[in-house]
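Here the structure is laid out as structure tokens; the discussion comes afterwards.
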Amino acid sequence: MRLSSLALTVFALLGSSLPLVDVAATAPAKEARPPKPEELVGAWIGFWEDGEFTRLDLRADFTGYCAFVAPAESISHDSGVDVYRVT
């Protein structure tokens, strides 16, 4: 479940950083390009619907860390932070 949460976090963070373009308004349709690493470098934070806090730290060398913390009222909050290395 944590891997799917990580995948959703990355998708949500990367997807929200991409510019929105009205395809019908542009003359020739262009293929979307993947973001450059320097456009993704930095710390990204957010909350899931259940209140879980997520932080994603990405570096220019394609590495980083992703951390999850359950909300204080959750029973799994006492287990602490789940941290994953991104390679």
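General remarks:
- Sub-8 Å Cβ pairs linking a first residue in region 67-84 that is touching a residue at least 40 places away in the same chain (Cβ under 8 Å) to a second residue that is part of a loop (DSSP other than H, G, I, E, B) and exposed (fewer than 13 other Cβ atoms within 10 Å of the Cβ), at least 6 apart or interchain, are Phe68/Val81, ordered by first then second residue.
- Check on Val83, modelled with pLDDT under 85 and of a type outside the set (Lys, Arg): no
- For region 37-70, a residue qualifies if it is basic (Lys, Arg) and part of a loop (DSSP other than H, G, I, E, B), and exactly one does: Arg59.
- Scope region 44-54; condition under 13 Å from the mean Cα position of the chain (by Cα) and open to solvent by less than 100 Å² (accessible area, probe 1.4 Å); matching residues: Trp44, Gly46, Trp48, Phe53, Thr54
The values are calculated or read from the model by the stated rules, or taken from the named source; none is laboratory data. For clarity, every value in this text was computed on a predicted model and none was experimentally measured. Note: ideal-geometry Cβ built from the backbone for every residue, glycine included; neighbour counts use all protein chains shown. Heavy atoms of the whole protein, side chains included, go into the accessibility calculation; ligands, DNA and RNA do not. Shrake-Rupley method; radii C 1.70, N 1.55, O 1.52, S 1.80 Å.
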